[in-house]
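Asker: Before I ask anything, here is the structure I am working with.
Bear in mind that the values in this text are calculations on the coordinates, not laboratory data. None of the values given here were measured: they were computed from a predicted structure. Don't worry about glycine lacking a Cβ; one is built from the backbone with ideal geometry, like all the others, and counts go over all protein chains shown.
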Amino acid sequence: MKKILVTGATGQIGTELVTALRERYGADNVVAAGHRAQADRELRESGPYCTLDVRDAPELEQVVREHRIDTIFHMAALLSATAEKNPWLAWDVNMNGLLTVLEVAREHRCAIFSPSSIGAFGPGTPADDTPQDTIQRPTTMYGITKLSGELLCDYYFRRFGIDARGLRFPGLISWKTPPGGGTTDYAVEIFHAAIKERRYECFLKEGTRLDMMYMPDALRAAIELMEVEPSRLAHRNAFNVTAMSFAPEEIAAEIRKHIPDFSMSYKVDPVRQAIADSWPHHMDDSAARREWGWKPEYDLAAMVKEMLEKLGEQKREG
Ligand code: SER
């Protein structure tokens with residue numbers, strides 16, 4: 001039976017990942033570790049919870065030892081826009097946090113899931129059908145930490161046999177968790193604004209095409225990858241995965257099919273626009289499909305329909 005630790009459990013992915021893992025492996029087998037003193041009530045009450053700074057090796061080791069952890073989903077990290085505001089903190093949390101987790105994993109022979117991102121690519125990367133193995137050279141601090149993290153995970157596998165696996169997530173969209181300081185946050189904000197005010201001011205300009213994914217697909221991808229028989233994995237780490245690719249005007253048009261009077265204007269944020277412009281438009285995720293059977297369930301139309309339904313229900317319930 002797996003004994004799992006989720007770091008960054010109060011973050012954008014972590015919050016929902018803990019719930020999904022507890023449903024699958026049993027609540028007592030999934031320890032949620034967050035850095036905020038005030039964890040979400042559901043998170044604290046549905047299973048073991050602790051506060052943890054991922055850079056604190058003794059603290060992390062104690063949690064791993066105490067709960068006999070064998071698998072770590074290491075989700076604690078700063079996202080792209082937040083990282084540009086404080087690049088030094090981003091380096092510290094994203095790199096030293098990962099190194100601490102890998103070291104504890106080496107000591108206790110844990111498997112690791114470490115998420116990478118479309119942010120690990122850069123302006124020199126082919127933007128369309130971005131290959132699994134290609135030039136990366138990211139220009140943001142977030143991207144630099146994500147690419148370094150990919151390499152570090154590969155290194156720990158090759159050098160120490162640590163079963164470190166990971167995905168390059170696109171922008172993630174969820175009705176449950178708010179966005180956490182990323183460049184793709186507009187694709188979540190747009191739904192809240194559409195339901196509340198029937199209009200949205202977008203911080204990325206028309207035509208900015210990026211890969212995206214609905215959160216249930218992202219959670220399933222992480223869990224499925226960690227369950228795959230290791231011999232099937234040629235890449236193991238940093239798999240491209242995507243479910244849809246759209247520009248702001250395309251998601252707005254899809255929302256308008258459900259809310260005809262929805263309107264969108266643009267007020268471009270130069271920092272986030274520059275980040276988005278350095279990322280791929282559409283990744284080729286055939287390696288993930290081939291090696292471990294990755295297949296998304298939600299396209300743009302299905303995601304938009306469900307987001308509006310769920311957020312509408314939430315609003316009616318008050
Ligand atoms: N959603 C993330 C961000 O925008 C991409 O990994 O930072």
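Asker: Output the residues belonging to the stretch 258-267 that are in contact (Cβ under 8 Å) with a residue 60 or more places away in the chain and surrounded by 12 or more Cβ atoms within 10 Å (Cβ to Cβ).
Answerer: Answer for the stretch 258-267, where residues must be in contact (Cβ under 8 Å) with a residue 60 or more places away in the chain and surrounded by 12 or more Cβ atoms within 10 Å (Cβ to Cβ): ILE259, PHE262, SER263, MET264, TYR266.
Asker: Next question, about the same structure. Mind telling me which of the residues GLU107, GLU103, GLU66 ends up being without any contact (Cβ under 8 Å) to a residue 24 or more places away in the chain and not hydrophobic (A, V, I, L, M, F, W, C)?
Answerer: GLU66
Asker: Which residues, taken from the stretch 279-295, are surrounded by fewer than 21 Cβ atoms within 10 Å (Cβ to Cβ) and out of contact with any Leu (no Cβ under 9 Å at 6 or more places or on another chain)?
Answerer: ASP284, SER286, ALA287, ARG289, ARG290, GLY293, LYS295
Asker: Let me ask something else about it. Which pairs have Cβ atoms under 9 Å, sit 6 or more apart or on different chains, and link a residue in the stretch 174-203 that is over 25 Å from ASP277 (Cα atoms) to one that is in a loop (DSSP other than H, G, I, E, B) and within 12 Å of the ligand (Cβ to nearest atom)?
Answerer: Going by the 9 Å Cβ cut-off, the qualifying pairs are THR177/GLY11; THR177/GLN12; THR177/ILE13.
Here's the yes/no breakdown for (1) over 25 Å from LEU219 (Cα atoms); (2) among the charged types (D, E, K, R):
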| residue | (1), (2) |
| --- | --- |
| GLU84 | yes, yes |
| ASN96 | no, no |
| CYS110 | no, no |
| PHE113 | no, no |
| THR130 | no, no |
| ASP133 | no, yes |
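Asker: Which residues, taken from the stretch 224-257, are closer than 23 Å to GLY11 by Cβ and surrounded by fewer than 16 Cβ atoms within 10 Å (Cβ to Cβ)?
Answerer: GLU224, GLU227
Asker: Residues that are among the aromatic types (Phe, Trp, Tyr) and assigned to a loop (DSSP other than H, G, I, E, B): does the stretch 278-291 have at least one?
Answerer: Scanning the stretch 278-291 turns up at least one residue that is among the aromatic types (Phe, Trp, Tyr) and assigned to a loop (DSSP other than H, G, I, E, B).
Let's see how each residue does on (1) of a type in the set (Phe, Trp, Tyr); (2) part of a loop (DSSP other than H, G, I, E, B); (3) within 9 Å of the ligand (Cβ to nearest atom); (4) touching a Cys at 6+ places or on another chain (Cβ under 9 Å):
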site	(1), (2), (3), (4)
ILE112	no, no, no, yes
ASP129	no, no, no, no
LEU147	no, no, no, no
LEU151	no, no, no, no
THR177	no, yes, no, no
GLU189	no, no, no, yes
HIS192	no, no, no, no
ILE195	no, no, no, no
GLU201	no, no, no, no
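Asker: Step by step: first the residues of the stretch 154-168, then only those that are more than 16 Å from the ligand (Cβ to nearest atom) and in contact (Cβ under 8 Å) with a residue 12 or more places away in the chain, then the one that is farthest from HIS74 (Cα to Cα). Which residue is that?
Answerer: This residue is PHE160.
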